[in-house]
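Below: one structure, written as C-alpha cells.
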Amino acid sequence: MQILVTGGTGYIGSHTVVELLKSGKEVVIVDNLSNSSKNVIDNIEKITNKKCKFYEIDIRDEKGLEKVFEENDIEAVIHFAGLKAVGESVVKPLEYYDNNVIGTIKLLEVMKKFVCKKMVFSSSATVYGDPGNPKYVEDMGRGKASSPYGATKAVIEEMLESLYIADNEWTISLLRYFNPIGAHESGLIGENPNGIPNNLMPYIQKVAIGELKELSIFGDNYNTKDGTCIRDYIHVVDLAVGHMKALQKLNKPGVYIHNLGTGAGTSVLDIVKTFEKVNNIKVNYKFAPRRAGDLPEFFADPSKAKSELDWEAKRGIEEMCRDSWNFISKNRNS
Ligand code: NAD
Ligand code: UFG
C-alpha cells in the first residue's frame, strides 16, 4: 500500500514525503513541476536513503491519474498540488479555480473510481477571512475569502464536506496551515521561488544573499507591539509531521478540521531581527506602505490538533530562521 502525494516535489510536499519515507511508508508523487523541479526527488532520496516513485502528471489529467492508481495500490492521498500566490490569483482567477478546484474534482473522481476514500487536504488559515478575533479557532467557520486563492481553498473545503455527506465512507482531513517557513536541516530541500518572492521569508532570504537590495516591511503603524503585522510562523518540518499525525488518525470516516500553527504570534520586525541575530548577517530593510488585504494580526489556536492528533509544533523562530538561511546559502544559484 502506498501514499499518493500530489504536489510532492513542492515546498511542503517534499518535507512531508521525507517524513513519510522515514516512518516506513511507501510514497508515490504526482507533480506537474509547474512550481518545483525534478531534482527534489534526488534530494529527498539523499536525506532518507529511500526511493519514491514519481509521475510527472497534472492532476487535471484524468487518464494520467488513472494510470497511477492502476499501477499502484494507493491507500490514501495527501493533496498539496495547487497554485498558491495570493496576488497572482487576483490577476488570474480562472487559472486558480481551474488548477485548484477542477484539479481537485478530477483527483476525487479518480479516487472514487478506485475506491480510495481517504484524503488529507492542504487548506489555509485564509479560509477564516477576517473573523474579528486574531486567535483562529476551528469552530469559527469560514469567512469571506480575501482573494481568489483563498476562495479556492474555501470551495474545496465545502466540496469535501458535501462529498462526505453524499457518501459517508470518505475520511477527510482539512489541515489549515498558518505561515510555513524554514527548511529541512540538511539544507537539501526548502523554498526557493522563481522571480521576486511575495512571502516574507523568501524575500528576506534573497536580501540576505544579496540578490535583492532591501526588504520592504509593509506597514509600521499597525496596532501591534512594534507597529508591524503579526503572524503565526511554523517550521515546515513541524507542518510535515502534522500531516503524518493526521494520516495516522484517518481511521474513522468523517471530516476533521485542524489548525496547524504554533499558537504564537511573531511580528515582521521580530523575524528580521531574529534572522540577523542567529545567522549573523544583515538584512537591509525599509518601511513601506501597508499591503492591501493584510490583516494586522492572526495566529492559531492549536489546541484541537494537540488533543485530537497528538501533535504540536516543536521548533521555534530561531530554528526557522537558521534553517531558512542554511537552505538558501547552499542553494543560491539553483
Ligand atoms: P508549492 O508551489 O511549493 O507546491 C505545490 C506543488 O504542486 C508544486 O510542486 C507544483 O509544481 C505542484 N502543482 C501545482 N499545480 C499542479 C497540478 N495541476 N498538477 C500537479 N501538480 C501541480 O507550494 P507549497 O507551499 O508546498 O504549498 C502546498 C499546498 O499548501 C498548496 O495547496 C498551498 O495552497 C497550500 N498552502 C501553502 C501555504 C504556504 O504558505 N506555503 C499556506 C497555506 C496553504
Ligand atoms: N511582508 C512584508 N514584506 C514582504 C512580504 C511580506 O512586510 O516583502 C509582511 C506581510 O505584510 C505580512 C507578513 O510579512 O504582514 C507575512 O506575509 P506573507 O506574504 O509571508 O504571508 P501572509 O500572512 O500574507 O500569507 C500567508 C500565506 C497565504 C495565506 C495567508 C493566510 O502565504 O497562502 O497566509 O493564511 F493565504
Express in whole angstrom the spacing between the alpha-carbon centres of region 35-110 and region 138-178. 18 Å
Write down the percent of antiparallel bridges among all DSSP beta bridges whose residues are both part of the chain, to the nearest 5. 5 percent
Counting only C-alpha contacts under 8 Å and six or more residues apart, can you give the relative contact order of region 86-183 as a whole percent? 38 percent
Computed, not fitted: 222 nm per-residue ellipticity of the chain from DSSP H runs ≥ 4 (each -39500 (n - 2.57)), nearest 500, equal to -11500 deg cm²/dmol
For a quick size check, give me the Cα extents of the chain along its three principal axes, largest first, whole Å. 54, 43, 39
Quick shape check on region 112-186: root eigenvalues a ≥ b ≥ c of the Cα gyration tensor, a/c under 1.5 is rounded, otherwise prolate if a/b tops b/c, else oblate, and it reads oblate
Measuring from centroid to centroid over Cα atoms, what is the spacing of region 223-241 and region 275-334 in Å? 6 Å
Please work out whether region 82-142 counts as rounded, prolate or oblate from its C-alpha gyration tensor, where a ≥ b ≥ c are the square roots of the eigenvalues and a/c under 1.5 means rounded, while otherwise a/b larger than b/c means prolate and anything else oblate? oblate
Dividing the mean separation of Cα pairs under 8 Å (6+ apart) by the residue count of region 133-272 yields a relative contact order in percent of 34 percent
Return the whole-Å distance between the Cα centroid of region 196-217 and the Cα centroid of region 115-130. 29 Å
Top of TYR285, TYR149, TYR177 by mean-square fluctuation, Gaussian network on the chain, Cα under 10 Å: TYR285
In terms of the Cα gyration tensor, with a ≥ b ≥ c the square roots of its eigenvalues, is region 144-292 rounded because a/c is under 1.5, prolate because a/b exceeds b/c, or oblate? prolate
Do you know the relative contact order of the chain, to the nearest whole percent, from alpha carbon pairs under 8 angstrom that are 6+ apart? 18 percent
Starting from the Cα coordinates of region 1-114, work out the convex hull volume and express it per residue in Å³. 87 Å³
By DSSP, what percent of the beta bridges with both residues in region 180-334 are antiparallel, rounded to the nearest 5? 20 percent
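FYI, it's all coordinate maths here, none of it is from the lab. Since the structure is predicted, the reported quantities are computational estimates derived from the model, not experimental observations.
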